[in-house]
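So the structure is just underneath, and the comments pick up after that.
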Amino acid sequence: MVAWNSMLSNIYFIRLEIVRQHVRFRQSAGIMGHKSGFVNIIGNPNVGKSTLMNAMVGEKLSIITSKMQTTRHRIKGIVNGEDFQIVYSDTPGILKPVYKLQESMLKTVDTALSDADVLLYVTDMVESIDKNIEYLDKLKMAEVPVMILINKIDLTDQPALIKLVEQWKVLVPNSEIIPISAKEKFNLEYVFARILANLPEGLPYFPKDELTDRNERFFAQEIIREKILLFYDKEVPYSVEIEVESFKDEEKLLRIAAVIHVSRETQKGIIIGHRGEALKRVGTAARIDMEEFFSKKVFLELFVKVTKEWRDKEIQLRNFGYEQQ
Ligand SMILES: Nc1nc2c(ncn2[C@@H]2O[C@H](COP(=O)(O)OP(=O)(O)OP(=O)(O)O)[C@@H](O)[C@H]2O)c(=O)[nH]1
Ligand SMILES: [Mg+2]
């Protein structure tokens, strides 16, 4: 009996060791053949960072407008292939903070500098080359590959572009400079190839069917905020935050209720407009976009609430999800 037992346990032990070796072999083969990493998109406001991320991911994850400071949160967009996973991060534009909300936005940008495997610094044909020169010093110190993407080349001619490329070469010598048009999707395949070439080997960070780290409520909220940026002027869009109060996925439709927080009573009147016409316009435009994004019919209810000076209140900002980025 004893002999049988020890023989069996020996066999069992040998089999277990073979399985372990097999797993080890598969893991190392996996790492060697697979690339993955974080590609963070940074740059001044309005240069086209969100347009670029959406184009690289192939989905409208980030809202885009012609106004400065459209993006407030870091948003991840994941591109999966058989042997790679690229995790893009779109970030708010670099700015000098005036109120607490902007401090949080800048913190997001600083984090993005330090947790990347590849950095994409987006500039464009419009902004002056020495805007935010202090930030470029940080870029020069980066320990990861830096690509400077000169965006909006559809707005210029060859001589002006060549001159700008030369200037950037001097300004950030350790970088690779690539002219692109995010809007026209020009040269983006080349950017993709260069990212892949610079990506470290490793296993995927997220499940291979995942597209983003944000949930459905977040996208509903951002779609409403985009319409407010588009339809209102001056400081109004910047005084607004959206909170999705309920998001119910029913059989035939999505039932969404959201609150538009404003800082002051006068802004409430502007958002609602004469006989509620302005708010109705926001609701209709947001609903149409949501139906496309979620591929489902949407019933959207909007409420407006005065939450005094929310942009400067830490607790309120945390409630709106600004501190966890
Ligand atoms: N002509 C042209 N316009 C572009 C291009 N890429 C982006 N834009 C426009 O530039 C504006 C700003 O684009 P966004 O993608 O929102 O810029 P951003 O850098 O994310 O801006 P913030 O989030 O505010 O920092 C929008 O009106 C875009 O349509 C481009 O390649 N060519
Ligand atoms: Mg943006």
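So if I place +1 on the C-beta of Lys and Arg and -1 on the C-beta of Asp and Glu, and nothing else carries charge, what would the dipole magnitude of segment 227-325 be about its Cα centre? I want it in debye, nearest 20.
Values: 18 positive and 18 negative charges, 67 e Å.
Value, rounded to 20: 320 debye.
Cα gyration tensor of segment 50-113, axes a ≥ b ≥ c as square roots of the eigenvalues: rounded (a/c below 1.5), prolate (a/b > b/c) or oblate? Judged from the Cα gyration tensor, segment 50-113 comes out oblate (a/c at least 1.5, b/c at or above a/b). Each peptide in 262-268, 79-85 receives the mean, over its residues, of other Cβ atoms within 10 Å, and ordering these scores from highest gives 262-268, 79-85. Taking the Cα centre of the chain as reference, the dipole from Cβ charges on Lys and Arg (+1) and Asp and Glu (-1) amounts to some 580 debye. Spin-label model, Glu134/Glu301: points 7 Å from Cα along the beta carbon direction are separated by 4.7 nm. Amide H contacts for Gln69 (H built 1.01 Å from N in the peptide plane; partners 5 or more residues away or on another chain; cut-off under 5 Å): Asn46, Gly93.
Could you calculate the contour length gain from Glu277 to Glu245, that is, 0.36 nm times the residue separation minus the distance between their Cα atoms, to one decimal place in nm?
My answer for the length gained is 9.3 nm.
Take the Kirkwood radius over Cα pairs of segment 226-289, plug it into Stokes-Einstein at 20 °C and 1.002 mPa s, and you get 169 µm²/s for translational diffusion. Starting from the coordinates of the alpha-carbon atoms of segment 197-325, obtain the Kirkwood hydrodynamic radius over all distinct pairs and give the value in Å to one decimal. When all Cα pairs of segment 197-325 are included, the Kirkwood radius is 16.2 Å. Subtracting the Cα-Cα distance of Glu292 and Lys96 from 0.36 nm times their residue separation leaves 67.0 nm of extension gain. Compared with the alpha-carbon gap, the fully stretched path from Asp154 to Phe186 is longer by 10.6 nm at 0.36 nm per residue. Taking the DSSP beta bridges with both ends in the chain, the antiparallel portion is around 35 percent. Length, then width, then depth: along the principal axes, the Cα atoms of segment 189-246 run 45, 30, 16 Å.
Would you mind calculating the relative contact order of the chain from Cα pairs under 8 angstrom and at least 6 residues apart, reporting the percent as a whole number?
In percent, rounded to a whole number, it is 17.
In the structure shown, the pairs Lys49/Lys138; Lys185/Lys313; Lys183/Lys268 are assessed against 28 Å; a Cα-Cα span above that value is assigned to Lys185/Lys313; Lys183/Lys268. Our helix-only sum for the chain, with -39,500 (n - 2.57) per DSSP H run of n ≥ 4 divided by its residues, gives a mean residue ellipticity at 222 nm of -13500 deg cm²/dmol.
Please work out the Kirkwood hydrodynamic radius for the chain, using every pair of different C-alpha atoms, and report it in angstroms with one decimal place. Answer for the chain: a Kirkwood hydrodynamic radius of 22.2 Å. Going by a ≥ b ≥ c, the root eigenvalues of the Cα gyration tensor, does segment 37-159 fall in the rounded group (a/c under 1.5), the prolate group (a/b larger than b/c) or the oblate group? Here segment 37-159 falls in the rounded category. Candidates Val57, Leu149, Ile288 compared by Cα position along the dipole of the chain: farthest toward the positive end lies Ile288, with charges placed on Cβ.
Rule-based calculations on the coordinates, nothing more; no lab input. Owing to the predicted nature of the structure, the values given are computational and were not obtained by experimental measurement. Quick reminder, even Gly has a Cβ in these numbers, built from the backbone with ideal geometry, and neighbours come from all protein chains shown.
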